[in-house]
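Okay, structure first, notes after.
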Amino acid sequence: MLQQLIHKLLIRRHFWRHATFSEVAELYASQTLRMMALNIASMMMSVYLYREGYSLVFIAAYWSVYYLFKVFLSFPAARYISRFGPKHAILLSNLLYIPAMIIFSFVPTGGILAITLTGILQGVSATLYDLGYLIDFSKVKNSEHAGKEIAYMNIFEKIAKGLSPLIGGLLAFVAGPQATMWVAAGLFAVASIPLLQTVEPTKSRNGFVFRGFPWRMAWRSMVAETGVGFDVVASGTVWSLFVAIAILGTDGNQVYAQLGALMSVVMLVAIVSSYAYGRMIDKRRGRELLFYSVMADAVVHATRPFVNTAGVTVSVNIANEVATTGYSMAFTRGLFDTADLSGFRITYLACIEVMANLGAMLAGVMFMLAVMWFGDVPGMRYFFFGAAAFVMIIAIPKFHLYRK
C-alpha cells in the first residue's frame, strides 16, 4: 500500500522514468519502513543500556567493536551482493534485524550474551543493507534528475526519522522499552514486503574486483567518508546520551518520550531542506552545498557542549538537520557519479562502506577515551569539540560531477 501511494504521488513528476519507476518506488517504500523501525529502536538503545547499569565506557567500547566488526564484514557483503544482487541483501538484512531486536529486549536477563548476539546480527544486517541500498539506488536512479530522486528518498526517510522517535519514545513510556523493540521487529518484517515485488536491478555476479580500480579518482571520497561515519556516531549515539544524561535525566521511562519528542521536531525543516537541496544539486551547485553544509555541521558540534535546556536542544537539532541533510545529499550524489564513472560500482561502494565504519569506530574510541579521562558529561563535551574538527574532512572530495 505504501509503495502504491508513493507511486501515485510522484509518478507524474517522473514521467520520464515510468519504465523503471517501480524500482525506485520499491526503494522508497522499503527505506521508509526500515527507517521507521530502525529509529524507533536505535534512538534508545544506548540510553537503555545506560539505564540498565552499563557505563558509558562500556557503551562506547561496544559501539567501537560493533563498527570494527562491520569493517571486516564489508567485503564479504560486497561479494554476496555481486553474486545474488542488492535486493536479496536488503531482504536478508531486514529479516536478520527481527531476531536482533527481540534478543535485545532480553538484555536485563541475558546480559552480555544478549548484547553480543544483538551486535552480531545487527552488524551483519546493517552492513548488508547499507551496501545493498547504495548499490541498488545508484543503479536505478536517473542520472539527469538524481538530485531530485535523492531528495524524494531523503524526504520519505526524514518523515520516518521524524515520526519514529516520538512513536518509539511514547511506546517505551507507556509499555516499556522492550515493547518498542518488539514493534521495531515487526516493522522490519513489513519493510521486507516491497522487496518481493520486482526483479534485481543489478545483474548477479556483477564482479567485485580490485584489478584496474581507479584509486586516483576515488581516494578523496573514501577518506572523506570516515568523517561521515564519525558524524553518524556523534549526532546519534553520543548526542542522544548527552541529552538524556545532562539535560533530561534518566530516571523513569519518561526520558524515552522526552528524548523522542526532542528528536522528532525537526521533521518539517528536514523535508523542506531536502527538496531545496535536491534542486540545487540538479542545478550543479552541489560543490558549494557540500562545503558550506560541512562547515555548518562543524559549528553545530562545537555548540553542543554549551546546550543546557530542552529548548536549546530543539534549536541545535534543527540546525544539525539542515546541515547534515545538505552535505549528505551532495556527498551521496557525488558518490553515485563516481560509482558510475569508475566502472567498479560494487568495489567502490564497498570501500566507501569500509571507510564509513572506520570513521564510526574512531568516533567510538574517541568517545570512550574522553569519558575515561574526563568523566561522563565533561567527556562528552570534549568529544563534541573533537567532532567539530574531525567532520570537516567530509569537505575534501573533488567529485568529477561538481567540476562541470
In region 277-295, is there at least one residue being more than 19 Å from Pro86 (Cβ to Cβ) and touching a His at 6+ places or on another chain (Cβ under 7 Å)? yes
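Yes or no, residue by residue, for (1) in a helix (DSSP H, G or I); (2) at positive phi; (3) in contact with a Gly (Cβ under 8 Å, 6 or more places away or on another chain); (4) modelled with pLDDT of 80 or more:
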residue	(1), (2), (3), (4)
Glu23	yes, no, no, no
Leu38	yes, no, no, no
Ile59	yes, no, no, yes
Ile81	yes, no, yes, yes
Leu134	yes, no, no, yes
Only one residue in Ser42, Ser64 is in a helix (DSSP H, G or I), among the polar types (S, T, N, Q) and modelled with pLDDT of 85 or more. Which one? Ser64
List the number of the failed condition for Ile396; all other conditions in (1) of a type outside the set (Phe, Trp, Tyr); (2) surrounded by fewer than 19 Cβ atoms within 10 Å (Cβ to Cβ); (3) at pLDDT 95 or above hold. (3)
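Taking region 301-338 as the search range and keeping residues that are of a type in the set (Ser, Thr, Tyr) and more than 30 Å from Leu349 (Cα to Cα), which one is modelled with the highest pLDDT?
Here the residue is Thr303.
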Within the set of pairs 6+ apart or on separate chains, which have a first residue in region 206-217 that is within 11 Å of Gly343 (Cα to Cα), a second that is part of a loop (DSSP other than H, G, I, E, B) and at pLDDT below 90, and C-beta atoms under 6 Å apart? Phe213/Phe344
What do you reckon, is Arg211 surrounded by fewer than 23 Cβ atoms within 10 Å (Cβ to Cβ), more than 19 Å from Arg79 (Cα to Cα), at pLDDT 80 or above and not small (Gly, Ala, Ser)? no
Residue check, Tyr327 against (1) among the hydroxyl-bearing types (Ser, Thr, Tyr); (2) surrounded by fewer than 20 Cβ atoms within 10 Å (Cβ to Cβ); (3) within 26 Å of Tyr67 (Cα to Cα), all met but one. Which one? (2)
Exclusive hit being within 29 Å of Phe344 (Cβ to Cβ), among the hydrophobic types (A, V, I, L, M, F, W, C), surrounded by fewer than 20 Cβ atoms within 10 Å (Cβ to Cβ) and within 20 Å of the chain's Cα centre (by Cα), set Leu68, Leu73, Leu91: Leu68
Check Val377, Val307, Val371 and return the single one that is buried (at least 22 other Cβ atoms within 10 Å of the Cβ), farther than 29 Å from Met217 by Cα and either touching a residue at least 60 places away in the same chain (Cβ under 8 Å) or touching a Gly at 6+ places or on another chain (Cβ under 9 Å) (or both). Val371
If you take the residues of region 312-324 that are in contact with a helix residue (DSSP H, G or I) (Cβ under 7 Å, 6 or more places away or on another chain) and more than 14 Å from Val232 (Cα to Cα), which of them is surrounded by the most Cβ atoms within 10 Å (Cβ to Cβ)? Thr313
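The values are calculated or read from the model by the stated rules, or taken from the named source; none is laboratory data. These numbers were taken from a predicted model, which means no experiment stands behind them. Cβ sites come from the backbone with ideal geometry, for glycine too, and all protein chains shown count toward neighbours.
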